[in-house]
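Heads up: the structure comes next, in structure tokens.
The values are calculated or read from the model by the stated rules, or taken from the named source; none is laboratory data. Computed from a predicted model, the values in this text were never measured in an experiment. In this analysis, Cβ positions are derived from the backbone assuming ideal geometry, glycine residues included, and neighbour counts consider all displayed protein chains.
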Amino acid sequence: MYLNVKVTFIKAVLLQIMISLQSKLPNAAINIFTIMSQLSLEYNSINLSQGFPDFECPSELIDLANKHMRSGHNQYAPMAGLITLRERIANKVNSLHLSNYDPDTEITITAGGTQAIFTALTAVINSNDEVIIFEPAYDSYAPAVKLLGGIVKSFELTVPDYTINWELLKKLINNKTRLIILNSPQNPTGTILTEFDIEQLTRLVQDTNILILSDEVYEHIIFDGNIHHSMARYPILRERSFVIASFGKLFHNTGWKIGYCIAPSWLTKEFRKIHQFLIFSVNTPFQYALADFLSNDHFYLNLKTFYQQKRDYFRALMLGTRFNLLPCSGSYFQCVQYKEITNESDIKFAKRLITDFGVAAIPVSAFYNGGKDEHVLRFCFAKKQETLEKAVERLMKI
């Protein structure tokens, strides 16, 4: 038996040598979220690394999904998504942002926000097109652009405010600039676009061929009386923008992997050409459940209050630690700087937080293409109160 295993192994090695394969992402490895979550599980630590709640989504939503499964809504949904759900989304977005999206031709249901992002990029990015990304950035943007033959132009934001210097940004714009990716509220920094940012962005793209991909999955998690400046709100930006949203962030059910893309009809037409060959359609009974649940706006309109209480509670607890709290205006992430604690790299320190103190965080250098390390960690506070208390109790021992 041992001999057979050895022969099989040798054959596998020889096959790898014989078959030539050029990796499309030669520098990509297992992402930091997987690494930290696995390490967290191994050491039985409190996981404040990956961005998901440790509490359940609304029980009514679960009951609705069960109801529609038992009602026979278990076959393929329409490629663009259930029309009732798209109509509810149109009502929601048009009401909030005074827009006029058509549910039939301008809204597409997707298998989560990341699929929507990839599909939008695939629809419009060609070889050598340049795409501007603000870093630190959600880690799927740059690999998707590279897979499509595009060129990533990174604009680095810095601590503590992570604001955009629009005069410097103009230097990245040229006739090869195809698209700008925005994320507000932003993951990982918790910053938001302001009215000033919108004014500068409008001036930058007006009378150009530049498109916008606006990742707005945390749109309803925004604090301190601020408003969400969606691309849907501004006609000049709306007509050149893919707006990406996620029900996972909205209703505490990231595992359902359902989101949507809103775009003018001419962009949606190209989006759906790709979408139909990627997944064709999205989970049917869950779409019915979400359509029913969206008929009441109470839940999502009160989400900012729900999460601001969690942010404020977590920040108050963290004042008892040696970490320096950075501003957080939206999302459910709190970034901290730890220069007063150690000079270790953020990756090394994040791993030591797990092994020595039993708390998992994400090193923010993982959100930069070049691995820029400003000694910043990201904690997720979308957790039960007792989870946050236990985590900070451990962090206070540092």
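Considering only segment 105-125, state which residues are in a helix (DSSP H, G or I) and not polar (S, T, N, Q). Residues satisfying the conditions are Gly113, Ala116, Ile117, Phe118, Ala120, Leu121, Ala123, Val124. Can you tell me which residue in segment 340-361 is surrounded by the fewest Cβ atoms within 10 Å (Cβ to Cβ), limited to those that are touching a Phe, Trp or Tyr at 6+ places or on another chain (Cβ under 7 Å) and in contact (Cβ under 8 Å) with a residue 60 or more places away in the chain? The residue in question is Thr355.
Based on what the data block shows, is Glu156 modelled with pLDDT of 95 or more, out of contact with any helix residue (DSSP H, G or I) (no Cβ under 6 Å at 6 or more places or on another chain) and either closer than 21 Å to Glu270 by Cα or buried (at least 19 other Cβ atoms within 10 Å of the Cβ) (or both)?
Details: modelled with pLDDT of 95 or more: yes; out of contact with any helix residue (DSSP H, G or I) (no Cβ under 6 Å at 6 or more places or on another chain): yes; either closer than 21 Å to Glu270 by Cα or buried (at least 19 other Cβ atoms within 10 Å of the Cβ) (or both): no.
For Glu156, the condition - modelled with pLDDT of 95 or more, out of contact with any helix residue (DSSP H, G or I) (no Cβ under 6 Å at 6 or more places or on another chain) and either closer than 21 Å to Glu270 by Cα or buried (at least 19 other Cβ atoms within 10 Å of the Cβ) (or both) - is not met.
Looking at this structure, is Lys273 within 30 Å of Glu389 (Cα to Cα) and of a type outside the set (Val, Ile, Thr)? Here the answer is no, as Lys273 does not meet what is asked.
The residues of segment 185-206 that are part of a loop (DSSP other than H, G, I, E, B) and under 20 Å from Phe242 (Cβ atoms), listed by number, are Pro185, Gln186, Asn187, Ile192, Leu193, Gln206. Among all positions in segment 332-344, there is no residue which is in a helix (DSSP H, G or I) and either more than 24 Å from the chain's Cα centre (by Cα) or closer than 20 Å to Val217 by Cα (or both). Being more than 22 Å from Gly248 (Cα to Cα) and of a type in the set (D, E, K, R) holds for only one residue in Glu56, Glu60, Glu42, and it is Glu42.
Count, please, the residues in segment 223-239 that happen to be buried (at least 21 other Cβ atoms within 10 Å of the Cβ) and either in a loop (DSSP other than H, G, I, E, B) or at positive phi (or both). Step through it out loud before you land on a result.
Step one: of segment 223-239, the residues buried (at least 21 other Cβ atoms within 10 Å of the Cβ) are 229-232, 237-238.
Add one more test, that the residue is either in a loop (DSSP other than H, G, I, E, B) or at positive phi (or both), and what stays is 229-230.
Summing the residues that are buried (at least 21 other Cβ atoms within 10 Å of the Cβ) and either in a loop (DSSP other than H, G, I, E, B) or at positive phi (or both) in segment 223-239 gives 2.
Quick check on Lys390: is it surrounded by fewer than 17 Cβ atoms within 10 Å (Cβ to Cβ), in contact with a strand residue (DSSP E or B) (Cβ under 9 Å, 6 or more places away or on another chain) and assigned to a helix (DSSP H, G or I)? In short, yes.
Give me the residue from segment 109-143 that is among the β-branched types (Val, Ile, Thr) and surrounded by fewer than 24 Cβ atoms within 10 Å (Cβ to Cβ) and, out of that set, farthest from Lys171 (Cα to Cα). Explain how you work it out, then say what you get.
Taking segment 109-143 and keeping what is among the β-branched types (Val, Ile, Thr), we get 109-110, 114, 117, 119, 122, 124-125, 131-133.
This time we only want the ones that are surrounded by fewer than 24 Cβ atoms within 10 Å (Cβ to Cβ), so: 114, 122, 124-125, 132-133.
On the way: Thr114: 29, Thr122: 26, Val124: 23, Ile125: 21, Ile132: 11, Ile133: 14 Å.
Across segment 109-143, the extreme among qualifying residues is Thr114.
Note on segment 88-104: residues that are part of a helix (DSSP H, G or I) and either more than 30 Å from Phe293 (Cβ to Cβ) or of a type in the set (A, V, I, L, M, F, W, C) (or both) total 4. Within the option set Ile107, Ile89, Ile62, Ile46, being under 21 Å from Ile180 (Cα atoms) and among the aliphatic types (A, V, I, L, M) holds for one residue only, Ile107. The residues of segment 141-173 that are out of contact with any Phe, Trp or Tyr (no Cβ under 7 Å at 6 or more places or on another chain), in a loop (DSSP other than H, G, I, E, B) and in contact (Cβ under 8 Å) with a residue 24 or more places away in the chain, listed by number, are Leu148, Gly149, Gly150, Thr158, Val159, Pro160, Asp161, Tyr162, Thr163, Ile173.
For segment 174-184, how many residues meet the condition of being part of a loop (DSSP other than H, G, I, E, B) and either in the same structural domain as Tyr368 (by TED's automatic domain parsing) or in contact (Cβ under 8 Å) with a residue 40 or more places away in the chain (or both)?
Keep residues of segment 174-184 that are part of a loop (DSSP other than H, G, I, E, B), which gives 174-176, 184.
Filter again for either in the same structural domain as Tyr368 (by TED's automatic domain parsing) or in contact (Cβ under 8 Å) with a residue 40 or more places away in the chain (or both), leaving 174, 176, 184.
Result for segment 174-184: 3.
If I filter segment 24-45 down to residues being within 22 Å of the chain's Cα centre (by Cα) and not in a helix (DSSP H, G or I), which single residue comes out as nearest to Val145 (Cα to Cα)? Among those residues, the one meeting the criterion is Leu25. Each residue in segment 166-210 was checked for being of a type outside the set (A, V, I, L, M, F, W, C), loosely packed, with under 12 Cβ neighbours inside 10 Å and closer than 29 Å to Gln334 by Cβ, and 1 of them qualify.
Would you pick out the residues in segment 295-315 that are basic (Lys, Arg) and crowded, with 19+ Cβ neighbours inside 10 Å? It would help to see each step written out before you state the result.
First, the residues of segment 295-315 that are basic (Lys, Arg): 304, 310-311, 315.
Selection gives Lys304, Lys310, Arg311.
Restricting Ile10, Ile46 to those that are more than 19 Å from Ser365 (Cα to Cα), at pLDDT 90 or above and of a type in the set (Val, Ile, Thr) reduces the list to Ile46.
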